[in-house]
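S.K.: Could you have a look at this structure, given as structure tokens, before my questions?
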Amino acid sequence: MFRASDLKKGDVVRIDGEAAIVETIKVQSPSARGAVTLYKIRFRNLKSKRKIDQSLHGDDILPEADFERRPVQYLYGDGSSITFMDLEDYSQFTMAKDEIEEEWPYLAEGIDGLLSLLSEGRILGLELPAFINLAIVETPPSVKGGSVTARMKPATLSTGLVVQVPEHISTGDLIRVDTRTGEYASKA
């Protein structure tokens, strides 16, 4: 059982009998005396992928979902699906693009820290590491004398994701991308 005040991003709870993962939490503390702190939480249903927004009090109780996190490895993919291997029992499974639409732009061969979420023997989804390293395949030429904190320019990464990077970054560089925000974090 989870109290709403103890929830963190990535926790999995049961909402209406189905597993849902916590995506974002916003805390609203009113200034009036006797007012109750509200927790505005966005969940994502792991089966249907739909978003669920709820406002909860800090002492509201949510049941914990029966699930398991298992390390997986990206094996190969095409334009519509990707095949993964479970690193514990070496079984393989394939996920379609529409099942992992939000994770798709970050998936590339060699990603470490990739986890699958399982419940009752069924794959519910993927959990990405907080940061991944991706190569830049196309960006405007770097500007000589461009500083690290200067203006930003678009860069297309090896997975097709486009992020804004500092001017001094050039094609072929390896960068770290924050998978929670989809933004450039640093040079790898």
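The values are calculated or read from the model by the stated rules, or taken from the named source; none is laboratory data. No experiment lies behind these values; they were computed from the predicted model shown. We place every Cβ from the backbone using ideal geometry, glycine too, and count neighbours over all the protein chains shown.
S.K.: I'd like to verify a number: residues in the range 17-32 that are under 18 Å from the mean Cα position of the chain (by Cα) and not hydroxyl-bearing (Ser, Thr, Tyr), how many?
M.R.: Residues meeting the conditions: 7.
S.K.: Among the residues of the range 9-19, are any over 28 Å from Asp98 (Cα atoms) and loosely packed, with under 15 Cβ neighbours inside 10 Å?
M.R.: Initial filter on the range 9-19 (over 28 Å from Asp98 (Cα atoms)): none.
No.
S.K.: For the range 158-175, give me each residue that is under 18 Å from Pro129 (Cα atoms) and exposed (fewer than 15 other Cβ atoms within 10 Å of the Cβ).
M.R.: Passing the criteria: Ser158, Leu174.
S.K.: From the list Tyr90, Tyr74, Tyr106, which one is surrounded by fewer than 14 Cβ atoms within 10 Å (Cβ to Cβ), within 30 Å of Leu157 (Cβ to Cβ) and at pLDDT 90 or above?
M.R.: Criteria check complete, one pass: Tyr90.
S.K.: Kindly indicate whether Arg50 is within 20 Å of the chain's Cα centre (by Cα), over 23 Å from Asp112 (Cβ atoms) and buried (at least 16 other Cβ atoms within 10 Å of the Cβ). Steps first, please.
M.R.: Details: within 20 Å of the chain's Cα centre (by Cα): yes; over 23 Å from Asp112 (Cβ atoms): yes; buried (at least 16 other Cβ atoms within 10 Å of the Cβ): no.
Judged against the criteria, Arg50 is not a match.
S.K.: Sticking with this structure for a sec: Just need a number here: residues in the range 167-185 that are within 11 Å of the chain's Cα centre (by Cα), basic (Lys, Arg) and modelled with pLDDT of 90 or more.
M.R.: The number of residues fulfilling the criteria is 0.
S.K.: I'd like to check something: does the range 114-123 contain any residue that is crowded, with 18+ Cβ neighbours inside 10 Å, assigned to a loop (DSSP other than H, G, I, E, B) and in contact (Cβ under 8 Å) with a residue 40 or more places away in the chain?
M.R.: Checking the range 114-123: at least one residue is crowded, with 18+ Cβ neighbours inside 10 Å, assigned to a loop (DSSP other than H, G, I, E, B) and in contact (Cβ under 8 Å) with a residue 40 or more places away in the chain.
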